[in-house]
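Coordinate-derived values only; no laboratory data. The shown structure was predicted, so the numbers you read here are calculated from the model rather than taken from an experiment. Positions of Cβ are generated from backbone atoms using ideal geometry, with glycine treated the same way; all protein chains shown enter the neighbour counts.
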């Protein structure tokens, strides 16, 4: 690939200095005059009908302004996931404040007071009485006919089936072997360093909401539809975000602060405690998956059947859409001539599931890649060779929807990784039998780039050249901390020949910036980025068109350098500044251009991870001793950020594999609702990770780029699990592989061996 | 309602502060346990008495037969103290493994004892070293109590631990500590263990071992099976294997019905391995 | 209670409730919002400040406990001319900043480490930072930044 001026180089994030000096204001740092503070009262019981709420004592505390609950707020149901006005298949099953607690963390009430201490004191004085109901914590129990209905219509919310045949790659051979396996993946938390925080204020007939959200237009939709307000009277401002990973993509508490602000006519702020974030916001979906796959002798897949059970938790949220998304994940990565899928979504009395980084791809590929390792062993084929027989190639289509997978470079990822990791030699090492045992494993993954062929994948952007020639891009971008704004600056810089730091790119404000679907579905680089590139390119054509009059040449004879438009024909040039000012003052023409871009393609992003682990067979502790990630990214826009995002994705994948689980006891109590008990990988135990990029371009991606932030977390979990299984000679598939599970399996192995003697 | 706070600057002022305590009042030195508990609404003290400004609670001082460590001495100072590392490596090691750097810079030895968490990392070493505590009360009376006694009976209102006194050990006696968490660093212990035992270079035998295991009961327990296997035995591979099995038996005896038993009784063997390696190194 | 302390080099005497958490005192009374709250139980490190040269979690200290002590917050880093410190520059250069929420706490833990150990090894850096959670990256860029300041080696490793 040819070198570009800015694209592909490394830049710190655009507001790095503000972050380094502590002066960047996140939502929880904002204070307004006359502001009130909200504290949530979340349920401590997993399932109970609320019989009465007595707020009289709490209201007497000086400084308490209001206490809200089910019976003094609008009883209209909504779904915190709905980001568009016209979702037909959305189930709206929750109230702002519930009348029946359906999980520990369900919202029962909120207190609004002059300060946080007062609100906390009042919260403790609220008196409830409730009638306990049967608690269901397992998705399998929820499936039973006689399981107590958590919602009126019963616990099975949704069932779906699908059957896709790949007519382009039929396998004309008989089945050699059928392999089956069940894999269980757990609920997991985003643990963004910034917990959810919001402000709302109602003045002059306009409700303003400040939220570190991934979708300002979705917030607006939910709030307006809930309270019957016109969309142009609600302003949602995207404020800096301290991480999200999907956790801030649903619109959970904006209605609560909005209602309070409108009721009390004062600004209201809510900053969730870490515990409230753990139990009262979305978590990664818990899934039980079963595979039954038939293979030809050479290892090619003939048919694949997937059964999938999704645990939605107390409310359905995005689970329908999650299950539908999971339906089409495998066919993005693999040739599956005959693919069938059977899925169900059930309610349980546990935390409600939502999207987390990867949105179904980690859930599905983790399970499948663990299965594929088992299948490879049963067929006697090397795991990497096994993948190479079966993965998609450039130009293939996703048989689930007929969409082209574009420049799918999964094979390159596998081959490059195999070589760099020295896979063949390490895999064929003699197994250890002492206290510390090493093993190697690998996994493959695929992910989407945007929502196509779903209809709503739109970004609209406006580019303006100010009188002095400087450029402003008005976009409804939602920076989640992964460098989206910087990426857009780089793209615009490449087109216009202006340094990235000199380009201003806005984030979303529903009052001022044009529509953008939001920061989801790995659409920001591929779709919003391409929108920006097209908008800037078309804008440049406009500049050239106007300049041609001043330079007496055709637009084709103009090139750009140093913020000047230069005629190739003569020495004439006109600077951006001169052009902008002349046009505005002399001709009454403002240099402003708006373009809406709707995505029409959805290629895959691919990766392969190779891992070595060392297991302490006494304590069950697993050390990751080597990790290589090879990623098909099309083209890196901001090289340093691509590496950092991949590494962050690996941190989460490692947590998913070995330790992160939001777990519940049989009464639905959360066992680890705090960081002292929910452990991520910290600086002491995060291994050094090697990253390789495959940059072979992609159509319709800006300069050939495609998404990496979500894709990067998809394969690591299975690679780690496969490495552990390789070290121990096991088929562990119930995640996370905690020390307890590992020790139990070693103990069982040993007892089994002894029984056999 | 936040609590009232008192900051006595010396022992005389301390007794006056203690006299004002009610059953809801608390002593605070570092505050790493109390402050989050208050913030969470788990406790609602009416008064906090901060003892960290009192000189006697901040010193580490060698006496003829023991070392005095003030109750407000924080874990990072303990971990880095030359005196503590020389005489009581078990104590220094335990202090260095607690929480994160930030926690170690504020959490105190007195707090760890008074909080009496079953997994408290300071407890097995202090018990294995037969540590005394100085307890001061509102009547200016200073009494000596054993750690075990405090863990079992606690303190009454108006009492405070001001210092610990760890007896100096004979030359041929060695002490060490190991812990098992859920990750390498920053983890509450699932198991922790301290050994204090004599070793004779002349005949290569371990004698009079005192071993405490923590996080398997309300208070750390004597690992009597493990002590028996070590006593009068060499540090051979075979003896160490038996030691690990015996330690596992001690765990099984302590928590027969606990859900965590299957894991802990196996995992403790890893701890056995680690701690005897440490012990062997000390004896070299 | 009147609390005498030094904050980012300035000697101050402020009247406040001594039982207020230090993090709230700094963010509300002193208006310094650079110190962030991430968990309220001393596990995430986002609220790390330096008290008498030691890194502490400000959610685990009370305002009354800083009497006669010297406090540094992220706002107090930087050189005499109002510019960035070497550590801040290194963080920016190595891409150690993504969402930025852990950054103030990381900088404070790293600064405290460098105050007591001018040439830490990678292992010592990781131990010193193990009480600071970053969810965006894998800590390698942060460690590289601290190592650069410690060793003076300038090349970022991807």
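Please give the direction-averaged projected area of the C-alpha convex hull for the range B:173-283, in square nanometres with one decimal.
The orientation-averaged projected area of the Cα hull of the range B:173-283 comes to 6.6 nm².
Which whole-number value in Å³ per residue fits the convex hull of the alpha carbons of the protein assembly as shown?
It comes to 187 Å³ per residue, whole-number rounded.
Find how many whole Å separate the alpha carbon centroid of the range A:268-283 from the alpha carbon centroid of the range A:328-351.
Their Cα centres are 30 Å away from one another.
From the square roots a ≥ b ≥ c of the eigenvalues of the alpha-carbon gyration tensor of the range B:156-216, which class results: rounded (a/c under 1.5), prolate (a/b over b/c), or oblate?
Note, shape of the range B:156-216 comes out oblate.
Could you work out, for the range A:178-267, what percent of all Cα-Cα pairs fall into each 10 Å distance bin, beginning at 0 Å and stopping at the bin that holds the largest distance?
Result returned by the calculation: 16, 43, 21, 10, 6, 3, 1.
Rounded to the nearest 0.05, what FRET efficiency do residue B:20 and residue A:124 give with R0 = 22 Å and r taken as the Cβ-Cβ distance? Could you check?
After rounding to 0.05, the efficiency reads 0.30.
Just need the relative contact order of chain A here, percent rounded to a whole number, with Cα pairs under 8 Å and 6+ apart.
Reported as a whole number, the value is 16 percent.
Using Cα springs under 10 Å in a Gaussian network model of chain C, which residue among C:106, C:30, C:61 shows the largest mean-square fluctuation?
Between C:106, C:30, C:61, it is C:30 that shows the largest mean-square fluctuation.
Assuming a ≥ b ≥ c are the square roots of the Cα gyration tensor eigenvalues, decide whether the range A:632-693 counts as rounded (a/c under 1.5), prolate (otherwise, with a/b larger than b/c) or oblate.
In terms of gyration-tensor shape, prolate.
Mind checking the alpha-carbon convex hull of the range C:2-76 and giving the volume per residue in Å³?
Cα-based convex hull of the range C:2-76, divided per residue, equals 72 Å³.
Only Cα pairs under 8 Å and at least 6 apart count here; give the relative contact order of the range C:2-76 as a rounded whole percent.
42 percent
Take the alpha-carbon centre of the range A:12-49, take the same for the range A:191-248, and report the distance between them in whole Å.
The distance from the Cα centre of the range A:12-49 to that of the range A:191-248 comes to 12 Å.
Which value, to two decimals, describes the C-alpha radius of gyration of the range A:352-451 once divided by 2.2 N^0.38 Å?
The range A:352-451 yields a ratio of 1.27.
Can you grab the distance from the C-alpha centre of the range C:86-127 to the C-alpha centre of the range C:1-79, Å, no decimals?
Cα centroid of the range C:86-127 versus Cα centroid of the range C:1-79: 19 Å apart.
With r as the distance between the Cβ atoms of residue C:12 and residue A:581 and R0 = 51 Å, compute the FRET efficiency 1/(1 + (r/R0)^6) and round to 0.05.
My answer for the efficiency is 0.55.
Please order A:741, B:190, A:83 by the number of other Cβ within 10 Å, starting at the fewest.
By the 10 Å Cβ count, ascending, the order reads A:741, B:190, A:83.
Please say if the range A:94-217 is rounded, prolate or oblate, where rounded means a/c under 1.5 for a ≥ b ≥ c the square roots of the C-alpha gyration tensor eigenvalues, and otherwise the choice is prolate for a/b larger than b/c and oblate otherwise?
prolate
How big is the antiparallel share of DSSP beta bridges in the protein assembly as shown, given as a percent to the nearest 5?
Here the share of antiparallel DSSP bridges comes out near 80 percent.
For q values of 0.16, 0.17, 0.18 Å⁻¹, compute log₁₀ I(q)/I(0) with the Debye formula on a Cα-only model of the range C:1-153, without solvent.
Listed by q, the Debye log ratios stand at -0.83, -0.93, -1.03.
Report the Stokes-Einstein translational diffusion coefficient (µm² s⁻¹, integer) for chain B, Rh taken as the Kirkwood radius over Cα pairs, at 20 °C with viscosity 1.002 mPa s.
Translational diffusion coefficient: 110 µm²/s.
Whole number please: convex hull volume per residue, Cα atoms of the range A:704-757, in Å³.
So the per-residue hull volume is 85 Å³.
Before anything else, pin down the relative contact order of chain B: Cα pairs under 8 Å, at least 6 apart, normalised by residue count, whole percent.
It rounds to 15 percent for chain B.
The range B:4-167: percent of C-alpha pairs farther apart than 20 Å?
Everything past 20 Å amounts to 46 percent.
Students often get this wrong: which residues of the range A:90-126 have the backbone nitrogen under 17 Å from the point 7 angstrom along Cα-to-C-beta of residue A:56?
What the label zone holds, given the 17 Å backbone N cut-off, is A:125-126.
Return, ordered by residue number, the residues of the range A:634-677 whose backbone nitrogen is under 20 Å from a label point located 7 Å along Cα→Cβ of residue B:43.
Output list for this probe position: A:674-677.
What value, in deg cm²/dmol to 500, does the helix sum -39500 (n - 2.57) over DSSP H runs of n ≥ 4 give at 222 nm once divided by the residues of the protein assembly as shown?
Taking each H run of at least 4 residues, the total per residue is -9000 deg cm²/dmol.
Pop the C-beta distance of residue B:61 and residue B:140 into the FRET formula with R0 = 22 Å and round what comes out to the nearest 0.05.
My answer for the efficiency is 0.55.
Kindly give Rg over Rh for the range A:379-418, based on alpha-carbon atoms, with the Kirkwood expression for the hydrodynamic radius.
Here Rg/Rh amounts to 1.06.
Please report, in Å, the Rg and the Dmax of the range C:86-151, where both are computed over Cα atoms only.
For the range C:86-151, the Cα radius of gyration and maximum Cα-Cα distance read 10.3, 28 Å.
Please arrange A:679, C:94, A:593, A:549 by counting, for each residue, the other beta carbons lying within 10 Å of its beta carbon, fewest first.
Starting with the residue having the fewest Cβ neighbours, the order is A:549, A:593, A:679, C:94.
Expressed in nm to one decimal, what extension gain is obtained for the pair residue A:140 and residue A:18 from 0.36 nm per residue of sequence separation less their Cα-Cα distance?
This chain segment gains 39.0 nm when fully extended.
So what's the range A:657-757 giving for Cα Rg divided by 2.2 N^0.38 Å, two decimals?
The range A:657-757 yields a ratio of 1.51.
Show log10 I(q)/I(0) for the range C:55-96 at q = 0.18, 0.35 Å⁻¹, two decimals, from a solvent-free Debye sum over equal Cα scatterers.
Listed by q, the Debye log ratios stand at -0.69, -1.20.
So for the range A:452-598, considering every pair of alpha-carbon atoms, how many percent are separated by more than 21 Å?
Of all Cα-Cα pairs in the range A:452-598, 43 percent lie more than 21 Å apart.
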